[in-house]
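The values are calculated or read from the model by the stated rules, or taken from the named source; none is laboratory data. Model, not experiment: these values are computed from the prediction. Reconstructed Cβ throughout: ideal geometry from the backbone, glycine too, with neighbour counts over all protein chains shown. Heads up: the accessible areas ignore ligands, DNA and RNA and are worked out on the full protein's heavy atoms, side chains in. Shrake-Rupley method; radii C 1.70, N 1.55, O 1.52, S 1.80 Å.
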Amino acid sequence: MGEFVGIDPRGADQLIRQMESGKNTLGRNRHGLEAAISEAGVSWTGAQGTSAMHRSWAFFDDAQRDLKWRIDTLKQAIPDSGAGLLSLVFTFDSESEAARQGKADAERIAAALKKLGLDESAENWNKITAAAEAMKGKVNDPAYSAALLAALGPDRFRALFKQWMGTEGSFLEKGPSPAIVHQQRQFVGPLADAYANAERAGRLGEEWRGTFSEETDPGVLSAMIALSKPSSRLLNQVALRVLGRPQGADDSTFGQNWSLNILIEAYDADPKALQSLLANNKDAAGWLLHPGRFRRTGIPGFEERLGRVLDQALRPGAGMDVERDQAWFNIIRAMGAENSPWLGGGWGTFKDSPISETLARNVVPYLDQLAKGQVMRDSPELKSIFPRSPWDALDPDDTSRFVGALTQDPDALRVLMKASQDYMSGLDIGRFRPFGDEAIQEQFTYRASLGGGIANLMLGGTAYAEWTDDEYAEWLAELAMLPVTWAANKYWSIQDPNAATVRDVGLDVTKNGLKKVITDYFDQKTAATAEDVGDDLVRRLAEWVNTSLEAHGQKPLTEAQQNEVRMAFRGRLYDALVKAHVLEGARCGPFRRSGGTAAPRDRRAPGELRFHCRSTP
């Protein structure tokens, strides 16, 4: 039995750095001093000469190595200890003794494994079991674990897992079930711990650091995660191996996907690792959040579990700001891609999805950057409003499709609706008249641009929500009114309750007019194209501004100013309004929608094919 050791790791780490500095100083001056001593010969006045300098360097080096071994061992034995003094009774007296024992135990296991390969008798099984059990209590020493793995080698390591965990069924691809993990923990658990501890301490040999993950079956890797406490680095290495497989590998027809479940349970304990994975690998978000993956595990409650872990990794304040931003960037780009499986395809709609609700709730702080992305596309001259990195590299269409993916879930939709309205309220557009001095007009333009940006973002996404035509028209009209509603409530503030009621009625009349234009389009009561409807909506919004100004004693806009307001609304909203109508028309036909009946194709203009939905009476 080794000695009792108590160390403050932070103080010990500082001492190691100081000894390294001393070694560097001796190393830099060694050759010059040796030359000077040699040249001085018998006249050198020093007591011991170069031998003292060499002994000093060797002392620092030996002391460093021994202290590092002690710190590594303490950290593996007490991984979640935090700061302060750590103490432990060591298994071995020195690093060299630990390494010798690790090599000896590996040779014993290898010999037993060889005999088992020749004869799977009960006697040979007992020998290999005894050899494995001999590791218990030793694997917390990283020097022991590293030496054991080096002597055992990756091939024997994998063979041991397959012997105990079994190669039948889908284990090698889908991973071990909780029952198998529990049954075999006493046999292969020490092996998994040895690997995890040596990896965390940075003591794995090259053959283990190189292609080990790529050459090992996903089921073996996930079993290692289930049986140990992996570092974030190791967990993400295994995740990329498991998630990077073709989608067909996750089909639960051929067995439950325990590998994916093991990963999510590990990320539940280490959500920062998941944040790092999503941030630092551009493909990981698309792999993890593909419906063909999380909806085909065959494991009850998996989607809810994934939503909970995503919440821990992505909520405001989680982890590092830079990594969290990049993780969100990759998620939005993956889910909002042009051929996203979240929109269309064979996966249906995503109602009542805990993943959608989690993402909607946690993306709210980024709506400002996403709105600025819409402004950057529509008003490239307004450089002061451009989003910061990495949001400036995000395609606004991807962003709209991402919103569309989320708004298929009613709860997620409500979150985003309220957030967009709160965002507009916070802009306080109405404090600035559209036509005043240059500074006031600049502030109006800035806020109106962001208001149009958030409306565009939501308009581009909500065409994918599952509503009746009346519900959709209500929401579309409300979004179109966003840039003027808050202007009315803030700028044209009226103290007289009766006058304020008149103003609110005016808003309602305008909104109802917008709804009628939209529903007439879907019900084929008009020959207008989507472009015609977009023009009509923009015209009505611009007219409302002038009418409201005049009704409440404000100076009416000149014809030139009216045109400028109309063109401003058109620039902010027109493309999104047209796209929303085209998407909604195409999406609801020729299929039956909830509350709507498909109507036949209707040719409205040369080369234009549109679909309509007619609301059922």
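Of the residues making up region 132-172, those that are in contact with an Asp or Glu (Cβ under 7 Å, 6 or more places away or on another chain), among the hydrophobic types (A, V, I, L, M, F, W, C), modelled with pLDDT of 85 or more and buried (at least 16 other Cβ atoms within 10 Å of the Cβ) are 135, 139, 143, 148, 151.
Quick check on my filter: what residues within region 190-214 are of a type in the set (Ser, Thr, Tyr) and farther than 20 Å from residue 266 by Cβ? Passing the criteria: only 211.
Tally time: how many residues in region 400-432 are buried (at least 17 other Cβ atoms within 10 Å of the Cβ) and either farther than 30 Å from residue 286 by Cβ or modelled with pLDDT under 70 (or both)? Adding up the residues that qualify gives 6.
Listed here are the residues, each with its yes/no results for (1) surrounded by 15 or more Cβ atoms within 10 Å (Cβ to Cβ); (2) touching a residue at least 24 places away in the same chain (Cβ under 8 Å).
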residue: 344; (1), (2): no, no
residue: 352; (1), (2): no, yes
residue: 356; (1), (2): yes, yes
residue: 368; (1), (2): yes, yes
residue: 388; (1), (2): no, no
residue: 398; (1), (2): yes, yes
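Among the residues of region 327-338, those that are farther than 14 Å from residue 287 by Cα and either open to solvent by less than 60 Å² (accessible area, probe 1.4 Å) or in contact with a Gly (Cβ under 9 Å, 6 or more places away or on another chain) (or both) comprise 328, 329.
Scanning region 377-387 for residues that are within 17 Å of residue 457 (Cα to Cα) and touching a helix residue (DSSP H, G or I) at 6+ places or on another chain (Cβ under 7 Å) returns 377, 378, 379, 385, 386, 387. Determine if region 222-241 includes at least one residue that is under 24 Å from residue 285 (Cα atoms) and loosely packed, with under 15 Cβ neighbours inside 10 Å. The answer is yes; a qualifying residue exists. Return the only residue of 2, 11, 49 being over 43 Å from the mean Cα position of the chain (by Cα), modelled with pLDDT under 75 and closer than 30 Å to residue 138 by Cβ. Within the list 2, 11, 49, the selection yields 2. Take residue 384 and decide whether it is closer than 24 Å to residue 280 by Cβ, modelled with pLDDT under 95 and surrounded by fewer than 22 Cβ atoms within 10 Å (Cβ to Cβ). No. Candidates in region 65-99 are the residues that are over 18 Å from residue 190 (Cβ atoms), modelled with pLDDT of 85 or more and of a type outside the set (Asp, Glu); of these, the one that is most open to solvent (accessible area, probe 1.4 Å) is 96.
Picking from residues in region 299-311 that are open to solvent by 40 Å² or more (accessible area, probe 1.4 Å) and either in contact with a Ser or Thr (Cβ under 7 Å, 6 or more places away or on another chain) or touching a residue at least 24 places away in the same chain (Cβ under 8 Å) (or both), the one that is nearest to residue 329 (Cα to Cα) is 308.
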